[in-house]
Amino acid sequence: MSLIDDIKDIFFTRHKPVENGIYHYQAPPDAPFPYRLHLRIEKDGEGILLVNASTVLHLNQTATEYAYHLVNQTPEETLAKRISRRYNISSDQALEDFRDFQNSIQTLIESPDLDPVTFLAFDRATPYSDEILAPYRLDCALTYQTIDTEGIESAPRERVARELTTEEWITIIDKAWDAGIPHLIFTGGEPTIRPDLAELIAAAEKNGQVTGLLTSGYRLTEHDYLETLLQNGLDHVMLVLQPDEDYAWEALRDLLAADIFVTVHLTISSDNFDVYKARLDRLTEMGVDNLSLSTRSKALEGTLQQVRNEIQYRNINLVWDLPVPYSSLNPVALEMDQDKEYVSGEGRAWLYVEPDGDVLPRQGKAQSLGNLLTDPWSEIWAKATEIRPG
C-alpha cells in the first residue's frame, strides 16, 4: 500500500504553495546560539524571514519553502521527500539544498551587526509587488519637534494637532505586528526628544520586530542613554549627519564603537564637491561602512552622482530606501527614473505614520490613508493598494 500511495502522490496530487501566514520558532534555552525566527509567507509563495528580530531576509519561493520547514522543524526525511517531488529532484539533492540554506541561516544567527534588511534572490525592485499581505516596514514619526540646530522644514509640525501617548504608540506597534509588519523605524522630527523612546523599542522587541532609529545624534552622546536603547532591542541607526555640529561627530564615534548597524546620511545642499569629498575622507577614516545620500534640489543631481561615485570607489555600501528628509531625490530614484521596471516602495514596502497616528504612503506625501490608532488595518491597506504608483 505504501508504494501505491507514493504513486498516487506523485501523479494525482497537485502540490500547492505553502499556505500564506506567519510562523514562528524559538530555539530551546540550551541551544549553543539561542535564536528565534519569524516567517511571513505572501500570497504568491514568496516570503520574509526575521532572524533574531534584527535582520529581515527577503526570500524567493524556493527559499521560503525551506524556511517554512526550518521554522516548523520538519523531519529531514519528510522534507526531502516533499521537496524532491515538488521540484522533480532527488531526495539527496533536496536534502543537500536544505542543509545549505540551514547553514546560511545559522551563519546569520552567529554573525553580529548584520544589515537590517537583506535580499536573497531578489533585486531591489522585485519585492515590491501587489501580492504582499502587508508592508515590510512602518516608519513611525514619534514627534515633529526638533532641536535648535535643525531646520524646521524637514518636520511639518503644523500638520498634527497632538502627539500620541506612549500607550497609544504601543497599540499601533502591536497592531502593526498583528498585521504582519516586521520592521519599524522611529523617526521625526527628532525622536530622541520623546522620553518614552526606549519603552517603545522594548515593546517592538517583545513582539519580535526589527527596530531602527533615524536621528541627528541628539542624546546619543550620552553613554547611559545609548546603552539603554541598545539593551531594549534597537537594531540599527541612521545618523542624519549635521557636519558642522561637534555633537554629531561625537555621536557617530560612539555608535561605531557600539554593537549596532550604523548608516550615515549626507544631504547634498551645494555644488561644492570638494566639501563632500573631505567629509567622505573623515567618514572613511572613522570606519563608516554604510552611507545614504539625498539632495534638496534636482539641480544638484550632478554633485549627488559625483558623491555616489566616490562612495563606490571607496567600497562603501549605498543605502537607498530608508526614510530621510528629501528622500525622493536620492541617487537610486534619479538613476532609475526612466526605468519602467522600477517599482517604488511607497505604499507597498513601507508606510509612514505621523505623530497623531495618521498614515501616509511615505514621508512628505500628505495623502492620508486613515489613522492607524482608530481605523481598521484592513481599510488602511486597501486604500494604500488603490493609490500605489505604477
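The values are calculated or read from the model by the stated rules, or taken from the named source; none is laboratory data. In this text the structure is predicted, and so the values were computed from the model without any measurement. Glycine gets a Cβ as well: all are built from the backbone with ideal geometry, and neighbour counts include every protein chain shown.
The figures follow:
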{"item": "Residue that is surrounded by the most Cβ atoms within 10 Å (Cβ to Cβ), among those in segment 346-390 that are touching a helix residue (DSSP H, G or I) at 6+ places or on another chain (Cβ under 6 Å) and not aliphatic (A, V, I, L, M)", "result": "GLY347"}
{"item": "Set TYR276, TYR247: member being aromatic (Phe, Trp, Tyr), assigned to a helix (DSSP H, G or I) and under 20 Å from ASP224 (Cβ atoms)", "result": "TYR247"}
{"item": "Where a residue in segment 189-201 is farther than 14 Å from ILE172 by Cβ and its partner, wherever it lies, is among the aromatic types (Phe, Trp, Tyr) and surrounded by 17 or more Cβ atoms within 10 Å (Cβ to Cβ), with Cβ under 7 Å and at least six apart", "result": "GLY189/TYR144; GLU190/TYR218; THR192/TYR218; LEU197/PHE186"}
{"item": "Unmet requirement for ILE22, which otherwise passes all of (1) more than 22 Å from the chain's Cα centre (by Cα); (2) more than 15 Å from ILE105 (Cβ to Cβ)", "result": "(1)"}
{"item": "Residue match in segment 246-253 (condition: at pLDDT 95 or above, crowded, with 23+ Cβ neighbours inside 10 Å and either on the phi < 0 side of the Ramachandran plot or among the acidic types (Asp, Glu) (or both))", "result": "yes"}
{"item": "Candidates ASP274, ASP246, ASP224, ASP289 - the one that is in the same structural domain as ARG194 (by TED's automatic domain parsing), free of Cβ contacts under 8 Å to residues at least 24 places away in the same chain and within 21 Å of ILE311 (Cβ to Cβ)", "result": "ASP274"}
{"item": "Pair list, Cβ under 8 Å, 6 or more apart: segment 354-380 residue not assigned by TED's automatic domain parsing to the domain that holds GLY188, other residue at pLDDT below 95 and surrounded by 21 or more Cβ atoms within 10 Å (Cβ to Cβ)", "result": "none"}
{"item": "Residue match in segment 255-262 (condition: within 25 Å of ARG308 (Cβ to Cβ), aromatic (Phe, Trp, Tyr) and in contact (Cβ under 8 Å) with a residue 40 or more places away in the chain)", "result": "yes"}
{"item": "Number of the condition not met by ALA31 [criteria: (1) at pLDDT 90 or above; (2) surrounded by fewer than 17 Cβ atoms within 10 Å (Cβ to Cβ); (3) small (Gly, Ala, Ser)]", "result": "(1)"}
{"item": "Any strands (runs of 3 or more DSSP E) falling wholly within segment 114-232 and containing at least 2 residues that are of a type in the set (Ser, Thr, Tyr) and at pLDDT 85 or above", "result": "210-215"}
